[in-house]
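Colleague: First the structure, then my questions, so here it is.
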Amino acid sequence: PTDADNLERGPVRVRNALQFSLNIPSIKAGLMNGLDHFFQRSADFGVKYVPGALPVVSMGIGTLEVHPIDLLGAYGTIADGGVLMPRTMILSVVDSSGKTIYPDPAAAPVTGKRVISPQTAYIITDILAGNTVPKTNPFWGKWAVYNGTTRRPAAYKTGTTNDNRDVHAYGFLAPPADPKAPALAVGVWMGNSNNAPNTDTLSLSSSAPLWSRIMRDVSKGMPIATWKRP
């Protein structure tokens with residue numbers, strides 16, 4: 001494998017490898033942890049692979065097919081301090097009299113599954129949060145999320161597949177102080193329905209700015225939250 005810029009760097013920190021999308025460290029990390037273990041742990045985060053998929057050496061850079069909604073759920077798990085929540089597609093159903101029949105008011109509250117510790121989730125968040133700081137990452141930082149002139153604490157990552165067929169951006173804002181207030185995680189996928197390559201369009205010039213603008217518009221008027229170290 002090579003990195004996107006075809007440069008060799010030798011040993012690098014995990015922080016730099018994640019922030020700058022380095023392929024070689026990602027593949028080596030998968031080999032060091034064991035491909036079977038890597039495969040299972042990704043499933044723990046809610047990632048579902050196509051039937052018959054097996055762990056491969058290059059899976060650390062996204063060579064196994066997945067659904068964007070599953071990737072977003074994995075990012076949401078990190079955002080939620082390491083807890084994977086079940087996906088909810090329908091918020092409520094009411095009958096003709098206005099009575100809520102779903103979810104059942106008498107049902108037990110929905111709970112999630114802890115996948116990683118809060119401390120581990122915080123470390124990953126802290127690394128990805130550097131991608132929205134222009135001084136830390138001048139490439140990704142240009143698409144930070146702003147409220148007016150104030151930069152919102154956010155964490156995100158982009159990805160571009162071979163031949164620019166798929167461009168992605170996934171990330172989340174710092175959770176609000178009020179635990180009952182909505183927390184935001186957004187995923188963007190861009191590509192052609194016939195799987196044709198995009199023309200000179202990397203994630204940093206397509207999915208990343210779209211992700212930033214969605215986050216900016218959806219969070220408009222919300223209090224600016226900060227990360228809380230566990």
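The values are calculated or read from the model by the stated rules, or taken from the named source; none is laboratory data. Keep in mind that what you see is a predicted model, and the values were worked out from it rather than measured. Virtual Cβ from ideal backbone geometry, glycine too; neighbours counted across all protein chains shown. In case anyone asks, the SASA skips ligands and DNA or RNA and just uses the protein heavy atoms, side chains included. Shrake-Rupley method; radii C 1.70, N 1.55, O 1.52, S 1.80 Å.
Colleague: Would you mind working out the magnitude of the charge dipole of the stretch 1-107 relative to its Cα centre, with +1 at each Lys and Arg C-beta and -1 at each Asp and Glu C-beta, to the nearest 20 Debye?
Modeller: So the dipole magnitude of the stretch 1-107 works out to roughly 220 debye.
Colleague: Evaluate the charge dipole of the stretch 115-167 about its Cα centre and quote only its size in Debye, nearest 20, assuming +1 on the Cβ of each Lys and Arg and -1 on the Cβ of each Asp and Glu.
Modeller: 220 debye
Colleague: Here is a further query. Modelling each spin label as a point 7 Å along the Cα-to-Cβ direction, I'd like the T88/S193 distance in nm, to one decimal.
Modeller: Using points 7 Å along Cα→Cβ, the separation is 3.1 nm.
Colleague: Follow-up question, since we're still on this one. Given 0.36 nm per residue, what is the gain on full extension from D126 to E8 after removing their alpha carbon distance, in nm?
Modeller: Length gained between D126 and E8: 39.9 nm.
Colleague: To the nearest Å, what is the center-to-center distance of the stretch 1-41 and the stretch 58-73, using C-alpha atoms only?
Modeller: Using only Cα atoms, the two centres lie 15 Å from each other.
Colleague: Using Stokes-Einstein with the Kirkwood hydrodynamic radius over Cα pairs, what translational diffusion coefficient do you get for the stretch 1-63 at 20 °C and a viscosity of 1.002 mPa s, in µm²/s rounded to a whole number?
Modeller: Once the numbers are plugged in, D ends up at 170 µm²/s.
Colleague: What size of dipole, in debye to the nearest 20, comes out for the chain about its Cα centre when the only charges are +1 on Lys and Arg C-beta atoms and -1 on Asp and Glu C-beta atoms?
Modeller: 760 debye
Colleague: Could I ask something else about it? Measure off, as a whole percent, the carbon and sulfur share of the 1.4 Å-probe accessible area of the chain, all protein chains present.
Modeller: Of all accessible area on the chain, carbon and sulfur atoms account for 59 percent.
Colleague: Using the beta-carbon distance between K135 and K99 and R0 = 35 Å, what value does 1/(1 + (r/R0)^6) give for FRET efficiency, to the nearest 0.05?
Modeller: FRET efficiency, K135 to K99: 0.05.
Colleague: Let me ask something else. Given a Förster radius of 35 Å and the C-beta distance between V47 and I224 as r, what FRET efficiency does 1/(1 + (r/R0)^6) yield to the nearest 0.05?
Modeller: 0.70
Colleague: Given the DSSP H assignment, sum -39500 (n - 2.57) over each helix run of at least 4 residues in the chain and divide by its residue total; what's the result at 222 nm in deg cm²/dmol, nearest 500?
Modeller: Rounded to the nearest 500, the figure is -8000 deg cm²/dmol.
Colleague: Let me ask something additional. Using a 1.4 angstrom probe, figure out how much accessible area the stretch 99-183 has per residue, in square angstrom, rounded to the nearest whole.
Modeller: About 56 Å² of surface per residue is accessible.
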